[in-house]
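Have a look at the structure below before the remarks.
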Amino acid sequence: MDHPLFDLIDARISQAQREGAFDNLAGAGKPLPHEADPENALLSRLVKESGGVPEFVILSRELERLRGELRDTGDRTRRSEIMKEMSMMDAKIDLAKKAFR
């Protein structure tokens with residue numbers, strides 16, 4: 001079953017074509033750019049344009065924060081906890097990078 005707006009959308013597109021709205025568009029007649037992940041290309045572009053970052057970037061920033069905390073901490077117990085967190089963070093970053101590809 002078609003959505004009720006399909007007819008309206010088709011009518012508007014047809015009208016725009018008749019009026020030449022699609023004539024002389026930038027890139028007309030040229031092939032589309034290659035996309036490594038065509039199924040998610042639009043989603044990836046929208047996330048990028050809206051300022052979103054991949055998960056591994058967020059995790060990498062957290063790892064940098066932990067490194068700074070490790071440098072500034074003299075408490076042996078806390079240093080041990082931080083190093084465990086950093087080790088887990090490295091594993092999470094690897095998984096997130098694989099998922100991103």
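Since every read-out is calculated from the coordinates, none of them should be taken as a lab result. Nothing here was measured: the structure is a model prediction, and the numbers come from that model. Glycine gets a Cβ as well: all are built from the backbone with ideal geometry, and neighbour counts include every protein chain shown.
Using only side-chain charges placed at the Cβ, +1 for Lys and Arg and -1 for Asp and Glu, the dipole size of the chain relative to its Cα centre rounds to 620 debye. With the cut-off at 1.5 for a/c, could you classify the chain from its C-alpha gyration tensor as rounded, prolate or oblate? Prolate, because a/c is 1.5 or more and a/b exceeds b/c. What FRET efficiency, computed as 1/(1 + (r/R0)^6) with R0 = 35 Å and r the Cβ-Cβ distance, is obtained for Glu55 and Gln15, rounded to the nearest 0.05? E(calc), rounded to 0.05, equals 0.20.
If the chain between Asp2 and Asn24 were fully stretched, how many nm would it gain, using 0.36 nm times the residue separation less the Cα-Cα distance? Display every interim value, and only then the final one.
Working: separation 22, 0.36 × 22 = 7.92 nm, distance 3.15 nm.
That works out to 4.8 nm of additional length.
With Cα atoms as the point set, the stretch 51-101 shows a radius of gyration and Dmax of 12.4, 39 Å. Counting only DSSP H runs of at least 4 residues, each contributing -39500 (n - 2.57), and dividing by the residue count of the chain, the helix-based mean residue ellipticity at 222 nm comes to -22000 deg cm²/dmol.
Listed by chain and number, the lysines placed with their C-alpha closer than 25 angstrom to that of Lys84 are Lys92, Lys97, Lys98; residues fewer than eight positions away on the same chain are left out.
Run the numbers for Met88 and Leu43: contour at 0.36 nm per residue of separation, minus the present Cα-Cα distance, in nm.
Values: separation 45, 0.36 × 45 = 16.20 nm, distance 2.86 nm.
Length gained between Met88 and Leu43: 13.3 nm.
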